[in-house]
Every structure is written in structure tokens, then in C-alpha cells.
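The values are calculated or read from the model by the stated rules, or taken from the named source; none is laboratory data. The shown structure was predicted, so the numbers you read here are calculated from the model rather than taken from an experiment. Cβ: placed from backbone, ideal geometry, glycine included. Neighbour counts: every protein chain shown. To get the accessible areas, we keep the full protein, side chains included, count just its heavy atoms, and leave off ligands, DNA and RNA. Shrake-Rupley method; radii C 1.70, N 1.55, O 1.52, S 1.80 Å.
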Amino acid sequence: MAPQDKIDVLILGSGGREHALLKACLRSPRVGKVRVAPGNGGMALEAECLEVDINSGAAVLDLVRRTGTQFVIVGPEVPLAHGVVDVLEAAGVKAYGPLQAGARLEASKAFSKDFLFRHKIPTAAAETFRSLEPALAYVRQQPVPIVIKASGLAAGKGVVIAMNHAEAEAALRDMMETKVFGSSGDEVVIEEFMQGEEASIMLMVCGEEYLMLPPSQDHKRVGEGDTGLNTGGMGAYAPTTVVTPEVERRLREEIIVPTLRGLKADGIDYRGTLYVGIMVTAIGPRVVEFNVRFGDPECQVLMPSLETDPVEIMEAIAAGNFRSASVRLRPGSTIIVVLAAGGYPGDIRKGDVITLPTQLPAGVDIVHGGTKRLPNGEVVTSGGRVLGVVAHGATLAEAAKKAYAVVPQIRFTGCHYRRDIGYRQLRRDGAV
Ligand SMILES: Nc1ncnc2c1ncn2[C@@H]1O[C@H](COP(=O)(O)OP(=O)(O)O)[C@@H](O)[C@H]1O
Ligand SMILES: [Mg+2]
């Protein structure tokens, strides 16, 4: 490809997911200059970071015009829910990520539940409420455990698994009366509790055409053995064999195909990542929720699993001419171990200097999340999930061994991480 064919890319976001997307862009023969907004301490070492309100379509469009950007990759859900891609597309700027109409699948759990029911896609039974009294009356009639969800965006904190009726009532009052999630709790979804093992299914979607990336598994709880408080994710790995060939067949037939067909039937031209959270239950895979962007930290293990250039895939999807048959995946397993700030997921320490290894072994990489680069060049902590160590191996055991050999070489005050990322799969593999 001639150098003048290269495109300048802008990535929106500042977490580990966006750093992984940046690394994919830096590896891509398609990409000329890549800029990020707002970025983080690690991204600042590799690309120009720009300050802009990424949730404002007008501000992003202005930045695109000023920098001569030809392609925008949207990392997080909030700009998508605000319709940033709509503004860019209307102005003739290509962007990867769904339009606002598609982003509702994540921005409103009430909407996505209604979508699932209308298209007869397997999911937990649920009822949606807009006022407290009927919600309380309903929940008292239901068996426990029961799941209470604020419908709107709540940065991964809006779901309560209530073990008894008192907890369910308290959750409803918090969301609908005290408004702990603001307007995100105006509507509440009360859902049947599903028993099973979860998996994250990341699809790169272009209308009814899709690529399913290797099924992955996230580790939400802060403590080993899945104990303690919920977090944004303390680690992940892919592939996971909880999605057996039979589960995968049913997933495609009963969930993915009807979802993409349903979107089309509803007049939604979906182009971008569709993250299907599933519960593998005794009666088959069922949808937990949809997200409209890559998971973080799942993205960090999935980008390296693509042999085909991810940027080429995203461009084809944005242009509406993607063919999944053209994609090649890389064999083996990938893991990420997240290093969190002191106090996380509660009140965190910030500003601690991070010591990084000067050299990394083959197949290991460090992805930054909550870090900041100071003018003197020092990199300090600035968020809950500070960094992640990503490692690839022929097996998960090999990948985990590589990652955990590097983790102790990263130092900052208060650092903590889980030592058991991938434990379910390692057990399945007979590796522990
Ligand atoms: N119906 C359900 N049954 C069992 N667990 C659930 C159910 N819904 C959600 N969960 C659990 O709660 C977590 C968060 O719920 P989710 O719907 O994914 O919302 P969010 O990611 O926006 O917080 C899920 O990853 C899952 O572990
Ligand atoms: Mg979720």
C-alpha cells in the first residue's frame, strides 16, 4: 500500500481499552498518524493526547477538522449514547461505533429488555417500573435472589443482586427515591436471577454480517475466588471453553442471528462492536445485557487475538462493506492481570509514582488505564484500574505464567491485583 493511502486516526477515551486500541493502530499498516482524546499516561508516551469534551459531537467534529483526522474510533459508551457518531457521519467523517439509536441497547436496560422480549431472544424474565410503589408491590411477590437494575448508564454500578426482600426494597428506594444514580434510576428493571457461568461475547457487527471474537471471561470482584466488592474488572482471558461448541451453536442461532435480524427489522443500521453478556445456564445461553463497545479489560486480550488488522475491520464496518470470511484469528490464549490503585474500588489513592520494567519478555505487554504523565516525564496513578499486564501463550497456563512473572516488576504504593485470573479455565484445562 502506498504511504499516501494511510489514514490519520483519532481514538476517543482514556482507559485500558483505548490504550489497547491505540496499540492496534500503531501496529496497523493502514494508519498514518494516530491521536487520542483525552488519553492517559501510557498513551501519552506513544501518541499525541488532546483535550476535548468527547461527549460533545460538535467538539469532536471540530477536533477532527482541525487535525485532518480521517477515521474516528470511539472507545466508551457515553459518547455513543450522546450521538457523537451521528454527528460525525452527518458531516461525512467515518467513525467506528454505533449510531445513537443502536447505542440505546446499552443506554437503556428497559429498552434492551423490551427489544429482547419482542424478538424472543432468551434472557431473564423481567418487568420495568417508572414509580416506586408498584415496583415495591411487584418485588414482594417475587422469589429471591432477585436482580434490581437502574435502567440508565451507571458506570457498572447500577445493578444489585438482592438476596432477600429487604435488600431488594432498599435497592429500589436507593434508585427511585434517593436517586443514587440520578436520572439513570428513573426507570428500574426487576429481573429474574439466572444461575450459571458468565461469558463476554464480543461481536464486530456490520448490519447482519458479524465477526465473533473469541469468547472471554472477565473477573468483576476485587478479591480472589470472586469475593469482595464489584469492580470495573480485575482481569480477563480469552478464549473460554465455558462456551462449548454446542453453546456456541445455540448462541449464534438463538441469540446473535435474531438480535441482528431484530435490529434491522427495527430500522437500526448497527455498525460497531456489540458486546453480548451471556449466562450459560442449564437451559442454554441467555442474555444478561448488551453493551455497545468493547469490554474493558476484555478488549485488551481480544485485540491481540486478531491476525487480521483490526483497523481494516473497523474501517470496513464503518463503510458498511465488511465480510467476516476475510478475518483470520490467532491461535493460543491471552490474559490480562489488572493492577489496581490503593483503596480501589472505594476511595482511591492518586498521584503515586509508578515504576515500570525497562524491558518486557516476548509476548508480554503493559496497557495503561488510570495513569497520568507529568511534565517531568514521571508516570503516576490517576484512576482505579491503573495498569494491566497482557500476555499471550499457546495455552492459558503459559500466558498466565508469563503475565505473573512481570506483574511484581511494576511498583506503586497501594498496588493490588488478583493472583487467580483465569482460574476457572485453568481448572477446566487441568492446569491447577
Ligand atoms: N438476571 C441476572 N441473573 C444473575 N446475575 C445477573 C443478572 N443480571 C445481572 N447479573 C449480574 O450482575 C452483573 C451486572 O449486570 P449487568 O446487567 O451486566 O449490568 P452492568 O454491567 O451495566 O452493571 C452481571 O455481570 C452479572 O454478574
Ligand atoms: Mg455488565
message = One quarter of the convex hull surface, Cα atoms only: what value does that give for the stretch 312-426 in nm²?
response = 10.0
remark   = Comparing L274, L302, L153 in a Gaussian network model of the chain (Cα, 10 Å), the one with the largest mean-square fluctuation is L153
query = Going 7 Å from the Cα of D429 toward and past its Cβ, which residues in the stretch 212-231 have a backbone nitrogen under 17 Å from where you end up?
reply = 214-219
task = Quote the relative contact order of the stretch 131-186 in percent (integer), defining contacts as alpha-carbon pairs under 8 Å separated by 6+ residues.
result = 38
ask   = Roughly what would the spin-label model give for L132 and T355, points 7 Å off Cα along C-beta, in nm?
value = 5.3
query = What's the FRET efficiency of K179 with V257 using the Cβ-Cβ distance as r and R₀ = 22 Å, to the nearest 0.05?
reply = 0.05
request  = Sort the following peptides by mean Cβ neighbour count (other Cβ atoms within 10 Å, averaged over residues), highest first: 385-397, 216-228, 195-207, 134-146.
outcome  = 385-397, 195-207, 216-228, 134-146
For the chain, calculated [θ]222 nm from helices alone, where every DSSP H run of n ≥ 4 adds -39500 (n - 2.57) = -8000 deg cm²/dmol
message = So if each residue of separation counts as 0.36 nm, and I subtract the Cα-Cα distance between A405 and L329, what length gain in nm does that give?
response = 24.8 nm
query = Considering only DSSP beta bridges whose two residues both sit in the chain, what percent are antiparallel, to the nearest 5?
reply = 80
Listed residues Q141, F181, A170: farthest to the positive end of the dipole of the stretch 131-186 (Cβ charges) = F181
inquiry  = How much accessible area per residue does the stretch 78-124 have, counting only protein heavy atoms and a probe of 1.4 Å, in square angstrom?
reply    = 37
request  = Go through S324, S183 and list them by solvent-accessible area, largest first, probe radius 1.4 Å.
outcome  = S183, S324
request  = Just grab the label-to-label distance for A170 and N230, each label 7 Å out from Cα along the Cβ direction, in nm (one decimal).
outcome  = 1.5
remark   = K157 and T67 label points (each 7 Å along its Cα→Cβ direction) are spaced in nm at 2.9
message = Less than 10 Å Cβ to Cβ from R17, Lys/Arg counted +1 and Asp/Glu -1: what total charge do the surrounding residues give?
response = -2
Ordering of 159-168, 6-15 by burial proxy (mean other Cβ atoms within 10 Å per residue, highest first) = 6-15, 159-168
Radius 15 Å from Cβ of V353, net charge of other residues (Lys, Arg +1; Asp, Glu -1) = +3
message = Can you compute the FRET efficiency between K33 and D53 using 1/(1 + (r/R0)^6), with r the Cβ-Cβ distance and R0 = 22 Å? Round to the nearest 0.05.
response = 0.50
remark   = By the C-alpha gyration tensor axes a ≥ b ≥ c (rounded if a/c is under 1.5, else prolate when a/b exceeds b/c, else oblate), the shape of the chain is rounded
query = Just how far, in whole angstrom, is the stretch 199-267 from the stretch 386-432 if you go by their alpha carbon centroids?
reply = 21
key: Cα centroid separation, the stretch 1-51 to the stretch 85-156 (Å)   = 31
remark   = The distance between the Cα centres of the stretch 274-317 and the stretch 327-341, in whole Å, is 13
task = Could you check how many percent of all C-alpha pairs in the stretch 270-330 are farther apart than 20 Å?
result = 38
task = For the chain, give the magnitude of the charge dipole about the Cα centre (Cβ charges: +1 Lys/Arg, -1 Asp/Glu; no others), in debye to the nearest 20.
result = 680
remark   = Counting Lys and Arg as +1 and Asp and Glu as -1 over every other residue whose Cβ sits under 11 Å from the Cβ of F111, the net charge comes to 0
